[in-house]
Amino acid sequence: MRKVLVVGGAGYIGSHMVRLLVEAGRGVVVFDNFSQGHRAAVAGVEVFEGDLMSPDDLAAAFDTYDIEAVIHFAALISVGDSVTDPASYYRNNVTGTLNLLDAMRAAGVNKLVFSSTAAVFGNPLTEKLAEDHPLAPINPYGWSKRMVEQVLADMAHAWGLNSVALRYFNASGAHPSGEIGEAHDPETHLVPVVLLAAMGLRTALKLFGDDYDTPDGTCIRDYIHVCDLASAHLKALDYIDTAPGAHAFNLGNGAGFSNQEVVEAARRVTGKELPVEIAPRRAGDPARLVADSTRAREVLGWTPEHPDLDSIIQSAWDWHQNPSYGPFAHKRLTI
Ligand SMILES: NC(=O)c1ccc[n+]([C@@H]2O[C@H](COP(=O)([O-])OP(=O)(O)OC[C@H]3O[C@@H](n4cnc5c(N)ncnc54)[C@H](O)[C@@H]3O)[C@@H](O)[C@H]2O)c1
């Protein structure tokens, strides 16, 4: 069977994608350097251990397997780190993607779904962000994704690469099996940070800034369940077959929740008190990021199945409570 190459498939969103592809009866092989990924997340799945920074690793992967399409999740993902260490972000996220595209072209593979981000928009000019909102990133992480989107458009003209960039808002939640979920190191995403505090694995629960121009002063984000993101990729793979060229879709629920509201939801779900400390703003954080995903709904036929914030947090909490979480827990978490 021809395979979908899931680059970064051992990571948080990638491993949920792998589960869905397997369930859908598709052939799958994961390409990951395990810098962030977890071996437990891809147990029982074919894995090629390799690095995007190595053209030899990529050539070997395409030589070894009959690849029909690529879904590319691999990236460095921390906005804050990208501000202090932009070179690493441009190297891994932009140069790494160029290496991948070179290997695809050499192997005659021209179908790609790419993980982009709401960070390509920068500070919103409208209440909700649709695809036609100007792209004006305010941090190197967002720029690295914006640059790749431009590369994908140029490669469509240059050699017929067909691609869909999916711009996720805040991925959250965990697989209903309770076997895989979110575990970055260091963890900077609010939902797992709050749950780790609820488990006593983080001593301080910090919210960065309470003086933003929002009703309670904390940042507002759009939380989208990781399984809903995965289902959009499956639809994007089909869409590419009907629509050549480079396309982009925004993926969110269209509802914004402040950091304070997320903590309140986590208090309801976990039954824990969860005391909060207000810290200074983080560099590169816009006040509000909420998606207008009308286009993904209308063109891809995508409908999120888990839009409720408490249910999203409940699914993440179920996983953190599950024995499966053990191999994912990082030693450095107690800070
Ligand atoms: N998590 C979110 O809320 C969110 C939001 C918007 C966009 N995204 C994008 O989605 C993608 C996946 O995010 P995630 O949260 O699953 O991240 P993650 O860190 O859990 O997964 C990324 C995976 O890529 C691998 N990887 C990184 N660099 C590599 C390299 N050079 N070679 C091979 N493998 C490499 C890592 O080991 C990891 O398994 C990223 O591209 C990210 O920018 C994530």
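All of the numbers you see were taken from the coordinates with simple rules; none came from a lab. No experiment lies behind these values; they were computed from the predicted model shown. Cβ: placed from backbone, ideal geometry, glycine included. Neighbour counts: every protein chain shown.
Values of log10 I(q)/I(0) for the range 177-335 across q = 0.11, 0.12, 0.13, 0.21 Å⁻¹ run -0.51, -0.60, -0.70, -1.38, by the Debye formula with one identical scatterer at each alpha carbon and no solvent. Here the simple spin-label model places points 7 Å from the Cα toward Cβ, and for Glu49 and Ala255 these points are separated by 4.3 nm. Using all pairs of distinct alpha-carbon atoms, the Kirkwood hydrodynamic radius of the range 1-127 works out to 15.1 angstrom.
What does the charge count around Ala287 come to, taking other residues whose C-beta lies under 11 Å from its C-beta (Lys +1, Arg +1, Asp -1, Glu -1)?
It works out to a net charge of 0.
Computed over Cα pairs, the Kirkwood radius of the chain leads via Stokes-Einstein (0.692 mPa s, 37 °C) to a diffusion coefficient of 164 µm² per second.
The charge dipole of the range 165-311, taken about the Cα centre with unit charges on the Cβ atoms of Lys, Arg (+1) and Asp, Glu (-1), comes to about 160 debye, rounded to the nearest 20.
What length, rounded to one decimal in nm, is gained on full extension from Ala24 through to Ala87, with 0.36 nm per residue of separation minus their alpha-carbon distance? Can you show the working numbers first?
On the way: separation 63, 0.36 × 63 = 22.68 nm, distance 3.82 nm.
So the extension gain works out to 18.9 nm.
Can you work out the PRE-style zone for Asp213? Point 7 Å along Cα to Cβ, and I want the residues of the range 246-284 with backbone N under 19 Å. What the label zone holds, given the 19 Å backbone N cut-off, is 256-259, 281-284. Looking at the chain alone, DSSP beta bridges between its own residues are antiparallel in about 5 percent of cases. When peptides 71-82, 28-39, 118-129 are ranked by their average number of other Cβ atoms within 10 Å per residue, the highest-first order is 71-82, 28-39, 118-129. Gain on full extension, evaluated as 0.36 nm per residue between Phe34 and Ala158 minus their Cα-Cα distance, stands at 41.4 nm. Enumerate the helices in the chain for which the Kyte-Doolittle hydropathy averages -1.0 or more and the C-alpha atoms extend at least 15 Å along the helix's axis, using complete DSSP H runs. Result, helices passing both filters: 12-23, 96-107, 140-159, 226-242, 259-270, 309-321.
Rounded if a/c is under 1.5, else prolate if a/b beats b/c, else oblate: with a ≥ b ≥ c from the C-alpha gyration tensor eigenvalues square-rooted, which is the range 73-183? List each step's numbers first, then the result.
On the way: a/c = 1.42, a/b = 1.19, b/c = 1.19.
Judged from the Cα gyration tensor, the range 73-183 comes out rounded (a/c under 1.5).
As a calculated quantity, the FRET efficiency between Ile278 and Asp63 at R0 = 41 Å, using C-beta atoms, amounts to about 0.20.
Compared with the direct C-alpha span, the chain from Ala130 to Arg268 gains 46.5 nm at full extension, assuming 0.36 nm per residue.
Just the ratio, please: alpha-carbon radius of gyration of the range 240-334 over 2.2 N^0.38 Å, N its number of residues.
Computed over Cα atoms of the range 240-334, the ratio equals 1.43.
Of Lys145/Lys272; Lys128/Lys272; Lys3/Lys128; Lys145/Lys235, which ones are farther than 25 Å apart at the Cα? It would help to have the intermediate numbers written out before the result.
Working: Lys145/Lys272 37 Å; Lys128/Lys272 32 Å; Lys3/Lys128 36 Å; Lys145/Lys235 21 Å.
Those over the limit are Lys145/Lys272; Lys128/Lys272; Lys3/Lys128.
Once divided by 2.2 N^0.38 Å, the Cα radius of gyration of the range 164-231 becomes 1.28. Which residue, Ala153, Leu129, Ala232, has the largest displacement toward the positive end of the dipole of the range 129-245 when charges sit on each Cβ (Lys, Arg +1; Asp, Glu -1)? Positive-end residue among those listed: Ala153. In terms of packing, defined here as the mean over residues of other Cβ atoms within 10 angstrom, the peptides 257-269, 138-150 line up highest first as 138-150, 257-269. Placing a label point 7 Å from the Cα of Asp308 along the Cα-to-Cβ direction, the residues of the range 243-263 with a backbone N closer than 19 Å are 253-258, 261-263. Projecting the Cα atoms of Ile278, Val94, Pro176 onto the charge dipole of the chain, computed from C-beta unit charges around the Cα centre, puts Ile278 farthest toward the positive end.
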